[in-house]
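Below is one structure, written out as structure tokens; comments come after it.
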Amino acid sequence: MKLASRPILTQSVTTAVLFATGDTMAQQLGEKKGLEKHDLARTGRMALYGGGKLFGSSPTIAGADNTVAQLSSVPLPRPAAVVSELQTTLAEQ
């Protein structure tokens, strides 16, 4: 499966398409430019910006999301245990 074998490329392309779609919607629905005055260079820049590690930021953000997801599955120590360990460490010094 290509998605599993190339996750960074998949994330980059997906985000680039979403950024370009968002910019197109902004120009056509929000700014009401019409097709004749549509700024293709701007849409292209937005696609490149959204393209992720290949071009910009998206897999970096996705990587941060994955890190947070991994950390959230790690059991955290109870505050009382942390305080007790800190007290023991300080008493030994």
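The values are calculated or read from the model by the stated rules, or taken from the named source; none is laboratory data. Note that the structure is a prediction, hence the values are computed from the model and not measured. Neighbour counts run over all protein chains shown; Cβ positions are idealised from the backbone, glycine included. Protein only, heavy atoms only, side chains kept; ligands, DNA and RNA dropped before computing areas. Shrake-Rupley method; radii C 1.70, N 1.55, O 1.52, S 1.80 Å.
Among the residues making up segment 27-45, those that are open to solvent by less than 70 Å² (accessible area, probe 1.4 Å) and either in contact with a helix residue (DSSP H, G or I) (Cβ under 9 Å, 6 or more places away or on another chain) or touching a residue at least 60 places away in the same chain (Cβ under 8 Å) (or both) are 27, 33, 34, 38, 39, 42, 43, 44.
Selection of segment 5-36 for residues being at pLDDT 85 or above and of a type in the set (D, E, K, R) yields 23, 31, 32, 33, 36. Of all residues in segment 1-48, those satisfying the criterion of being of a type in the set (Lys, Arg) and part of a helix (DSSP H, G or I) are 2, 42, 45.
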